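No lab work stands behind these numbers, since they all come straight from the coordinates. Just so you know, these numbers come straight off a predicted model, no measurement behind them. FYI the Cβ positions are ideal-geometry reconstructions off the backbone, even for glycines, and counts take in every protein chain you see.
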Amino acid sequence: KNEVEQSPQNLTAQEGEFITINCSYSVGISALHWLQQHPGGGIVSLFMLSSGKKKHGRLIATINIQEKHSSLHITASHPRDSAVYICAGTLMNYGGSQGNLIFGKGTKLSVKP
Amino acid sequence: NAGVTQTPKFQVLKTGQSMTLQCAQDMNHEYMSWYRQDPGMGLRLIHYSVGAGITDQGEVPNGYNVSRSTTEDFPLRLLSAAPSQTSVYFCASSYWDRANSPLHFGNGTRLTVT
């Protein structure tokens, strides 16, 4: 069983829909990252959080440490949001905010106009 | 500001050949790391470094060597390439132990070993 599980694996939405991508982890982590990988292959960091909630534009990330669960929400989705969204955890047995990262397999999002 | 620069973008090797994937960053980041991305497997950490002279293994280190002689550069060496090392490789960097320090990724290197 993968230590970081994402759901769904694939997601198709209509433009304007509210989207939620889930990430659950089974190991102790000190930080949770959300990444976006565009069809061209480039990877961009969206959020890094260790508690609570963060918001950037139409993107919101939340984490529940007790339940070992994080969600990425996209409000008013747009075709340009089409990408693979990846969550990753920094293993807790390492110091600092980085270190040994473990990744989910990604959620492929397609937003139709 | 160039960010994280990876070279080459594409490479084809024959089994047994050696090569070095280059990674450089100009943001004075302490943390640098290498990942491979394979279909159905997601990203996996190969090696990482938290400063010059300090390196550590990730999830899949076998067949790869790294060194960190300067803050800016973190090359990944394949001493004897194998077909199982066919993959897309990404380098990333960030500040170490700073809150809200995002990872900055290079554009990737697509490696094929025949």
Least to most buried among B:77, A:80 (fewest other Cβ within 10 Å first): A:80, B:77
Interchain or long-range residues, amide H under 5 Å from residue B:52's placed H: none
Under the Karplus curve 6.51 cos²θ - 1.76 cosθ + 1.60, θ = phi - 60°, whole-Hz ³J(HN,Hα) for region B:33-45, x wherever Gly or Pro sits: 8, 10, 10, 10, 10, 10, x, x, 10, x, 7, 10, 6
For the protein assembly as shown: rounded, prolate or oblate by the Cα gyration tensor [a/c cutoff 1.5]: prolate
Surrounding net charge for residue A:77, when Lys and Arg each add one and Asp and Glu each subtract one, Cβ distance under 10 Å: 0
Highest average packing first - A:31-42, B:6-17, Cβ atoms within 10 Å: A:31-42, B:6-17
Per-residue ³J(HN,Hα) for region A:47-61, Karplus 6.51 cos²θ - 1.76 cosθ + 1.60, θ = phi - 60°, Hz, x for Gly and Pro: 8, 9, 9, 10, 6, x, 8, 9, 9, 9, x, 8, 9, 10, 10
Ranking of B:55, B:20, B:114 by count of other Cβ atoms within 10 Å, fewest first: B:114, B:20, B:55
Residues whose placed amide H lies under 5 Å from that of residue A:15, excluding near-sequence neighbours: A:112
Part-to-part distance (alpha-carbon centres) for region B:1-35 and region B:39-114, which is given in Å: 8
Packing-based exposure ordering (other Cβ within 10 Å, fewest first) of A:65, A:74: A:65, A:74
Enclosed volume per residue, in Å³, of the convex hull spanned by Cα atoms of region B:6-57: 124
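Across peptide B:32-44, how many C-beta atoms of other chains are within 10 Å of each residue C-beta, on average?
4
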Peptide A:103-109 - average C-beta neighbours from other chains (10 Å radius): 3
Of A:68/A:108; A:53/A:105; A:105/B:14, those spanning more than 26 Å from alpha-carbon to alpha-carbon: A:105/B:14
Residues of region A:9-24 with amide N under 13 Å of a point placed 7 Å along Cα→Cβ from residue A:58: A:13-20
Choice from B:89, B:64, B:48 showing the highest fluctuation, given a GNM over chain B with Cα pairs closer than 10 Å: B:64
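Share of Cα-Cα pairs in chain A beyond 23 Å, in percent?
Roughly 23 percent, rounded to a whole number.
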For residue B:96, residues with placed amide H under 5 Å, excluding near neighbours: B:30, B:31
Relative counts (whole %) of C-alpha pair distances in region B:30-79, using bins that are 10 Å wide: 28, 52, 18, 2
Equivalent ellipsoid dimensions for region B:1-112 as semi-axes, Å, which come from the Cα gyration tensor, largest first: 23, 14, 13
